[in-house]
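Before any comments, here is the structure.
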Amino acid sequence: MIAILQPHIPHYREAFFEGMFETSPIKVYCYNSDESVLKDNFKKSTFKGHYIKNYSLGPFLVYSLLPFLKKDCNKLVLMLHFGHISTWLLLFLKPFHKKKIILWGQGISVKRYLKEEKMPSILLKVMIYLADAIWVYTKKEEEMWTDVFPNKKITALNNTISNIEEILNLNHFCSIKELKNKYNIKQEKCFIFCARFNSPYRRIDLLEEVINRLDKSKWGFIIIGSGDYKPDFSIYTNVYDFGTVYDKKLKDDLFTIADLYIQPGWVGLSIVEALAYGKPVVTFKRSDQTLQCVEYTYLIHRFNSLIFSNIEECINNLISMKEEDIKEMSINACKYVRENLTMANMIENSLNSLNSLGK
């Protein structure tokens, strides 16, 4: 039995756990309640998780050790988070419980990324040293930690989302013109934004500046998402706000209409979905002012994305962009996902790591 700890099981990770379950007996223990998950604008998962008793204070978490000390459980997949006190206990007690421990996480702080990519966290160093293997999200973090621990089993899972293959194989039966008429979208070119408005680091101020600076008769903006930091988009005549969308058919329609995906900051798994739909990603360079999540490394400027240093560069390039450039980046976006970010690939990477630890 493999015991896995997670805050909760988001809808975009259901296929990952289902795929693992087909090959290995797993139990996923979650420390967030269903109520808190829904409050944070996540859709409740269909994959069954098991709530685990816990106590938290700020970034620190103490969870029950009992499920992870059961005799039929020989491998633990815990979170690479130095605030998890119980994880430290399980790491230090390894000589006694004899279980293999994999730590799974980003491997770097998004808020301190520029500092930690040069000087990795000391606390994470100690955790990784004590663990048997590590799962990180992307190749860049794998390379960073392999430089520190060349003999440690460190695997980049290539973080992706459920139903990614279904998105890649989408062949919409309606034309873009028909879809625009259906949703009363009048602009020639359209952006789409699809993420939760749960963080100030998404730099919605830059999104609104792009909306204000571009010709409103030529450029439309489709918005999907809800959250505390969401502005009032009703003041813009060229913004089409659909709120929270979990309906696959509606999302297929809206992404088909769009030419480009835009998210100025804090890009994460949402860009994987956008790339799979063949939408080049418009964003801004990682900096102290514009934070980006680890999936930012999936973006390659002028290959599958446009990454700008400032708003002037962004506006000038968008205005002068050619249709053939968008089409080429669209093809590259799908190609990148097919070659690197399928769910089958993520599952295979995790199972290979588990198998490398023996029975």
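The values are calculated or read from the model by the stated rules, or taken from the named source; none is laboratory data. All values derive from a computational prediction rather than experimental measurement. With ideal geometry, Cβ positions are generated from the backbone for all residues, glycine too; neighbour counts draw on all protein chains shown. We work out accessible area using only protein heavy atoms, side chains counted, and drop any ligands, DNA or RNA first. Shrake-Rupley method; radii C 1.70, N 1.55, O 1.52, S 1.80 Å.
Just a few scattered comments:
- Filtered by the rule that a residue be open to solvent by less than 10 Å² (accessible area, probe 1.4 Å) and either touching a strand residue (DSSP E or B) at 6+ places or on another chain (Cβ under 8 Å) or part of a loop (DSSP other than H, G, I, E, B) (or both), the stretch 269-283 gives 271, 274, 275, 278, 280, 281, 282, 283.
- Within the stretch 300-328, being crowded, with 21+ Cβ neighbours inside 10 Å and more than 17 Å from residue 219 (Cβ to Cβ) holds for 304, 305.
- Considering 223, 154, the condition of being closer than 30 Å to residue 118 by Cα and part of a strand (DSSP E or B) is satisfied by 154 alone.
- Looking only at the stretch 193-211, and only at residues there that are open to solvent by less than 20 Å² (accessible area, probe 1.4 Å) and in contact with a helix residue (DSSP H, G or I) (Cβ under 6 Å, 6 or more places away or on another chain), the one that is farthest from residue 319 (Cα to Cα): 195
- Condition check for residue 357: under 21 Å from residue 135 (Cβ atoms), open to solvent by less than 30 Å² (accessible area, probe 1.4 Å) and under 21 Å from the mean Cα position of the chain (by Cα): no
- In the stretch 15-31, residue nearest to the chain's Cα centre (by Cα) [restricted to those that are open to solvent by less than 30 Å² (accessible area, probe 1.4 Å) and of a type outside the set (Gly, Ala, Ser)]: 16
- Of all the listed residues (140, 180), the sole one being open to solvent by less than 40 Å² (accessible area, probe 1.4 Å), basic (Lys, Arg), out of contact with any Lys or Arg (no Cβ under 6 Å at 6 or more places or on another chain) and not in a loop (DSSP other than H, G, I, E, B) is 180.
- Single match in 115, 43, 48 (criterion: out of contact with any Leu (no Cβ under 9 Å at 6 or more places or on another chain) and at pLDDT 95 or above): 115
- Which listed residue, of 85, 101, 134, 128, is at pLDDT 95 or above, open to solvent by 60 Å² or more (accessible area, probe 1.4 Å), out of contact with any Ser or Thr (no Cβ under 6 Å at 6 or more places or on another chain) and of a type in the set (Val, Ile, Thr): 85
- Per the listing 347, 326, 315, 319, the residue uniquely in contact (Cβ under 8 Å) with a residue 60 or more places away in the chain, under 26 Å from residue 22 (Cβ atoms) and either among the aliphatic types (A, V, I, L, M) or assigned to a strand (DSSP E or B) (or both) is 347.
- Residue within the stretch 247-267 that is on the phi > 0 side of the Ramachandran plot, in contact (Cβ under 8 Å) with a residue 60 or more places away in the chain and among the aromatic types (Phe, Trp, Tyr) present: yes
- The stretch 226-246 - residue that is on the phi < 0 side of the Ramachandran plot and in contact (Cβ under 8 Å) with a residue 60 or more places away in the chain and, of those, most open to solvent (accessible area, probe 1.4 Å): 246
- Of the residues making up the stretch 181-217, those that are basic (Lys, Arg) and touching a strand residue (DSSP E or B) at 6+ places or on another chain (Cβ under 8 Å) are 186, 189, 203.
- Residue in the stretch 212-225 that is touching a Ser or Thr at 6+ places or on another chain (Cβ under 6 Å), on the phi > 0 side of the Ramachandran plot and open to solvent by less than 20 Å² (accessible area, probe 1.4 Å) present: no
- Scope the stretch 70-90; condition part of a helix (DSSP H, G or I), more than 27 Å from the chain's Cα centre (by Cα) and either of a type in the set (Gly, Ala, Ser) or closer than 21 Å to residue 353 by Cα (or both); matching residues: 90
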